[in-house]
1. Of all the residues that make up the stretch 77-121, how many are without any contact (Cβ under 8 Å) to a residue 40 or more places away in the chain and farther than 24 Å from Ile11 by Cα?
2. Tally the residues that are of a type in the set (Asp, Glu) and surrounded by 13 or more Cβ atoms within 10 Å (Cβ to Cβ), restricting the search to the stretch 123-151.
3. Could you please let me know if Tyr62 is open to solvent by less than 20 Å² (accessible area, probe 1.4 Å), over 20 Å from Asp151 (Cα atoms) and not aliphatic (A, V, I, L, M)?
Amino acid sequence: MAVPVFVRSIIFTIVVPCTVAGWVPHWLSNSTLDGLMFGKAPSSLITDILGYILLVLGAAIYLWCVYDFTFIGRGTPAVFDPPKELVIRGLYEYVRNPMYIGVIFALAGQVFLYGSPIVLFYTVAIGVFFIAFVLVEEEPALHKKFGNDYDEYSRRVNRWLPKLK
(Lines give C-alpha, C1' and ligand atoms only; values in the text may rest on other atoms or scores of the structure.)
Protein backbone atom coordinates (compact mmCIF):
# COMPACT_ATOMS: atom_id res chain seq x y z
CA MET A 1 0.00 0.00 0.00
CA ALA A 2 1.37 3.39 -1.02
CA VAL A 3 1.76 6.12 1.59
CA PRO A 4 -0.61 9.03 0.76
CA VAL A 5 1.07 12.17 -0.54
CA PHE A 6 -0.11 14.33 2.36
CA VAL A 7 1.49 11.89 4.84
CA ARG A 8 4.75 12.01 2.87
CA SER A 9 4.61 15.83 2.94
CA ILE A 10 4.08 15.84 6.71
CA ILE A 11 6.97 13.42 7.26
CA PHE A 12 9.28 15.49 5.06
CA THR A 13 8.28 18.70 6.86
CA ILE A 14 8.98 17.19 10.28
CA VAL A 15 12.34 15.78 9.21
CA VAL A 16 13.84 18.53 7.02
CA PRO A 17 12.36 22.02 7.51
CA CYS A 18 11.70 21.49 11.22
CA THR A 19 15.36 20.53 11.59
CA VAL A 20 16.80 23.27 9.34
CA ALA A 21 14.52 26.07 10.57
CA GLY A 22 13.75 24.83 14.08
CA TRP A 23 16.14 22.53 15.86
CA VAL A 24 19.44 23.78 14.35
CA PRO A 25 18.89 27.50 15.13
CA HIS A 26 17.75 26.59 18.65
CA TRP A 27 20.81 24.41 19.18
CA LEU A 28 23.15 27.06 17.73
CA SER A 29 21.69 29.79 19.93
CA ASN A 30 22.22 27.68 23.03
CA SER A 31 25.69 26.44 22.13
CA THR A 32 28.77 27.47 24.03
CA LEU A 33 30.25 28.51 20.68
CA ASP A 34 27.63 31.24 20.25
CA GLY A 35 28.08 32.66 23.75
CA LEU A 36 31.87 32.57 23.73
CA MET A 37 32.48 33.90 20.24
CA PHE A 38 29.81 36.50 19.79
CA GLY A 39 27.76 37.23 22.89
CA LYS A 40 24.04 37.81 22.72
CA ALA A 41 22.16 40.87 21.57
CA PRO A 42 19.85 42.26 24.23
CA SER A 43 16.24 41.19 23.90
CA SER A 44 13.48 43.77 23.79
CA LEU A 45 9.76 43.76 23.26
CA ILE A 46 10.27 45.11 19.72
CA THR A 47 12.77 42.41 18.70
CA ASP A 48 10.59 39.73 20.26
CA ILE A 49 7.45 40.92 18.43
CA LEU A 50 9.35 41.22 15.14
CA GLY A 51 10.84 37.78 15.69
CA TYR A 52 7.47 36.15 16.33
CA ILE A 53 5.87 37.93 13.35
CA LEU A 54 8.62 36.69 11.00
CA LEU A 55 8.57 33.19 12.48
CA VAL A 56 4.78 32.81 12.18
CA LEU A 57 4.72 34.43 8.72
CA GLY A 58 7.52 32.14 7.53
CA ALA A 59 5.79 29.04 8.88
CA ALA A 60 2.48 30.09 7.29
CA ILE A 61 4.15 30.68 3.92
CA TYR A 62 5.88 27.30 4.09
CA LEU A 63 2.68 25.46 5.05
CA TRP A 64 0.66 27.17 2.31
CA CYS A 65 3.27 26.04 -0.23
CA VAL A 66 3.25 22.48 1.13
CA TYR A 67 -0.53 22.45 0.79
CA ASP A 68 -0.26 23.58 -2.85
CA PHE A 69 2.49 21.06 -3.61
CA THR A 70 0.47 18.26 -2.01
CA PHE A 71 -3.03 18.93 -3.30
CA ILE A 72 -2.42 20.82 -6.56
CA GLY A 73 0.93 19.41 -7.64
CA ARG A 74 0.29 15.92 -6.21
CA GLY A 75 3.77 15.68 -4.71
CA THR A 76 5.87 16.80 -1.75
CA PRO A 77 8.56 19.45 -1.14
CA ALA A 78 11.18 16.67 -1.16
CA VAL A 79 13.54 16.66 -4.14
CA PHE A 80 13.10 12.88 -4.42
CA ASP A 81 9.26 13.11 -4.37
CA PRO A 82 8.39 16.35 -6.22
CA PRO A 83 5.01 17.50 -7.53
CA LYS A 84 3.76 15.79 -10.67
CA GLU A 85 2.12 19.01 -11.90
CA LEU A 86 3.70 22.46 -12.20
CA VAL A 87 2.41 24.50 -9.26
CA ILE A 88 1.73 28.08 -10.36
CA ARG A 89 -1.20 28.95 -8.07
CA GLY A 90 -1.32 30.50 -4.62
CA LEU A 91 1.91 32.20 -3.64
CA TYR A 92 3.55 30.75 -6.76
CA GLU A 93 1.58 33.31 -8.79
CA TYR A 94 3.79 36.03 -7.29
CA VAL A 95 7.24 34.45 -6.86
CA ARG A 96 8.72 31.17 -8.03
CA ASN A 97 10.28 30.23 -4.70
CA PRO A 98 7.94 31.22 -1.86
CA MET A 99 8.72 28.08 0.15
CA TYR A 100 12.39 29.05 0.47
CA ILE A 101 11.34 32.62 1.33
CA GLY A 102 9.12 31.24 4.08
CA VAL A 103 12.00 29.25 5.57
CA ILE A 104 14.26 32.33 5.49
CA PHE A 105 11.54 34.42 7.20
CA ALA A 106 11.23 31.76 9.92
CA LEU A 107 15.00 31.75 10.40
CA ALA A 108 15.15 35.55 10.43
CA GLY A 109 12.51 35.56 13.14
CA GLN A 110 14.73 33.36 15.24
CA VAL A 111 17.66 35.71 14.70
CA PHE A 112 15.57 38.38 16.44
CA LEU A 113 14.20 36.05 19.11
CA TYR A 114 17.56 34.54 20.06
CA GLY A 115 19.64 37.68 19.52
CA SER A 116 22.26 35.32 18.14
CA PRO A 117 24.90 36.33 15.60
CA ILE A 118 25.67 32.69 14.89
CA VAL A 119 22.00 32.11 13.97
CA LEU A 120 22.29 35.17 11.69
CA PHE A 121 25.34 33.63 9.97
CA TYR A 122 23.50 30.32 9.69
CA THR A 123 20.47 32.07 8.14
CA VAL A 124 22.67 33.80 5.56
CA ALA A 125 24.40 30.50 4.75
CA ILE A 126 21.03 28.77 4.26
CA GLY A 127 19.94 31.63 2.00
CA VAL A 128 23.08 31.33 -0.12
CA PHE A 129 22.54 27.56 -0.32
CA PHE A 130 18.92 28.08 -1.47
CA ILE A 131 20.01 30.51 -4.20
CA ALA A 132 22.72 28.14 -5.46
CA PHE A 133 20.41 25.12 -5.32
CA VAL A 134 17.67 26.90 -7.26
CA LEU A 135 20.08 28.05 -9.97
CA VAL A 136 22.15 24.89 -10.34
CA GLU A 137 19.70 22.07 -9.61
CA GLU A 138 16.06 23.05 -9.30
CA GLU A 139 15.46 25.34 -12.28
CA PRO A 140 17.21 23.04 -14.79
CA ALA A 141 15.21 20.08 -13.44
CA LEU A 142 11.93 22.01 -13.73
CA HIS A 143 12.78 23.07 -17.28
CA LYS A 144 13.54 19.46 -18.18
CA LYS A 145 10.35 18.15 -16.56
CA PHE A 146 7.85 20.83 -17.60
CA GLY A 147 9.49 22.36 -20.71
CA ASN A 148 7.73 25.33 -22.29
CA ASP A 149 5.19 25.61 -19.47
CA TYR A 150 8.00 26.26 -16.98
CA ASP A 151 9.85 28.58 -19.39
CA GLU A 152 6.73 30.72 -19.86
CA TYR A 153 6.11 30.74 -16.09
CA SER A 154 9.74 31.81 -15.52
CA ARG A 155 9.34 34.73 -17.90
CA ARG A 156 6.13 35.83 -16.19
CA VAL A 157 7.06 35.37 -12.50
CA ASN A 158 10.27 36.49 -10.75
CA ARG A 159 12.43 34.09 -8.81
CA TRP A 160 12.51 35.91 -5.44
CA LEU A 161 10.70 39.27 -5.54
CA PRO A 162 7.17 39.88 -6.84
CA LYS A 163 6.93 42.02 -9.98
CA LEU A 164 5.50 45.44 -9.41
CA LYS A 165 2.53 46.04 -11.65
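1. Summing the residues that are without any contact (Cβ under 8 Å) to a residue 40 or more places away in the chain and farther than 24 Å from Ile11 by Cα in the stretch 77-121 gives 2.
2. Taking the stretch 123-151 as the starting set, the residues that turn out to be of a type in the set (Asp, Glu) are 137-139, 149, 151.
If we keep only those that are surrounded by 13 or more Cβ atoms within 10 Å (Cβ to Cβ) as well, we get 138-139, 149.
Final tally of qualifying residues: 3.
3. Values: open to solvent by less than 20 Å² (accessible area, probe 1.4 Å): yes; over 20 Å from Asp151 (Cα atoms): yes; not aliphatic (A, V, I, L, M): yes.
Answer is yes for this residue.
The values are calculated or read from the model by the stated rules, or taken from the named source; none is laboratory data. Because the structure is predicted, anything quoted here is derived from the model rather than measured. Every residue, glycine as well, gets a Cβ built from its backbone with ideal geometry; the counts of neighbours run over all protein chains shown. What goes into the accessible areas is simple: the full protein's heavy atoms, side chains included, and nothing from ligands, DNA or RNA. Shrake-Rupley method; radii C 1.70, N 1.55, O 1.52, S 1.80 Å.
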